[in-house]
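Below is one structure, written out as structure tokens; comments come after it.
The values are calculated or read from the model by the stated rules, or taken from the named source; none is laboratory data. From a predicted model like this one, the values you see are computed outputs, not experimental measurements. We place every Cβ from the backbone using ideal geometry, glycine too, and count neighbours over all the protein chains shown.
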Amino acid sequence: MSQILFAAAIDAEACSTACLHPDAVAPLLGRSLGADGARAVADLFATLADPSRMRVLHLLAVSGAELCVCDIALVTGMSVSALSHQLRHLRERGAVERRKDGRVAYYRLVDEHIRGLILGAVSHVAEGRA
């Protein structure tokens, strides 16, 4: 993982005298999110937090392939215009990638991390409602 995500390590010696549980804290030093990392993760979750975007992302996650705008609109019941707005938002924030073939635009998830987040969240919610 990038060091920019994590907070700078603090002096373990300082922690051993001021911490209630130094044995529990020592392995965590330098592993917590720093301000920039926390902001980046929060921004990703904010991008995923919209129900329309989540439907699009879930469709792409379960398809495992790229889909054209018209196919996504058909399955989700969204207008092409509304869908295009959501896809642009997702693309600008690095959740999906676009490939154009003539006038047809195809979208796919950027990587398996996004797929895992989406499918994991759906599974979590489904387990809670069972």
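Going residue by residue through the stretch 45-53, is there one that turns out to be in the same structural domain as Val122 (by TED's automatic domain parsing) and at positive phi?
No, there is no match, as no residue in the stretch 45-53 is in the same structural domain as Val122 (by TED's automatic domain parsing) and at positive phi.
Of all residues in the stretch 97-112, count the ones that are without any contact (Cβ under 8 Å) to a residue 40 or more places away in the chain, surrounded by 11 or more Cβ atoms within 10 Å (Cβ to Cβ) and within 14 Å of the chain's Cα centre (by Cα).
Total satisfying the criteria: 3.
Does His85 satisfy the condition of being surrounded by fewer than 16 Cβ atoms within 10 Å (Cβ to Cβ) and over 14 Å from the mean Cα position of the chain (by Cα)?
Yes; evaluated as a whole, the condition is true for this residue.
Being surrounded by 11 or more Cβ atoms within 10 Å (Cβ to Cβ) and either under 19 Å from Leu48 (Cα atoms) or of a type in the set (A, V, I, L, M, F, W, C) (or both) is the requirement here; does Ala65 meet it?
Details: surrounded by 11 or more Cβ atoms within 10 Å (Cβ to Cβ): no; either under 19 Å from Leu48 (Cα atoms) or of a type in the set (A, V, I, L, M, F, W, C) (or both): yes.
Criteria not met by Ala65.
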